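The values are calculated or read from the model by the stated rules, or taken from the named source; none is laboratory data. Nothing here was measured: the structure is a model prediction, and the numbers come from that model. Cβ placement follows ideal geometry from the backbone for every residue including glycine, while neighbour counts extend to all protein chains displayed. All accessible areas refer to the heavy atoms of the entire protein, side chains included, with ligands and DNA or RNA removed. Shrake-Rupley method; radii C 1.70, N 1.55, O 1.52, S 1.80 Å.
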Amino acid sequence: NLQNPDGTIKAVAESAMREVIGRRNIQAILTTEQASIASEVRDIIQGTLDAYGAGVVVNVVQLQAAQPPAQVREAFFDVN
């Protein structure tokens with residue numbers, strides 16, 4: 001039911017990631033909550049794609065690199 005499946009899936013995934021990340025503390029994102037973030041993002045993506053009737057199953061969302069912004073990276077690692 002999607003005219004541009006790749007683009008739609010990418011947009012939905014980016015939106016879900018922004019939503020989940022925006023609700024969390026940066027410290028937790030970078031340290032302890034990556035598994036729960038991935039799970040929540042997967043659920044949001046799947047729910048949205050199901051609502052679109054996309055016919056896509058999301059098996060896993062994996063965070064590959066969670067790092068603080070370049071401007072504060074050195075200070076973050078000093079504190080950590």
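A few points about this structure:
- Test: residue 5 is open to solvent by less than 50 Å² (accessible area, probe 1.4 Å) and over 14 Å from the mean Cα position of the chain (by Cα): no
- Residues (open to solvent by 80 Å² or more (accessible area, probe 1.4 Å) and free of Cβ contacts under 8 Å to residues at least 40 places away in the same chain) located in segment 9-26: 10, 18, 19, 23, 25
- Filtering segment 1-25 to residues that are in contact with a helix residue (DSSP H, G or I) (Cβ under 8 Å, 6 or more places away or on another chain) and aliphatic (A, V, I, L, M) leaves 2, 9, 12, 13, 16, 17, 20, 21.
- Listed by first and then second residue, the pairs linking a residue in segment 29-57 that is under 14 Å from residue 16 (Cα atoms) and of a type in the set (Val, Ile, Thr) to a residue that is assigned to a helix (DSSP H, G or I) and open to solvent by less than 50 Å² (accessible area, probe 1.4 Å), with Cβ atoms under 6 Å apart and 6 or more places separating them unless they lie on different chains, are 37/20; 41/16; 41/20; 44/16; 45/12; 45/13; 45/16; 48/12.
- Residues located in segment 48-64, provided they are open to solvent by 80 Å² or more (accessible area, probe 1.4 Å) and closer than 25 Å to residue 25 by Cα: 60, 62, 64
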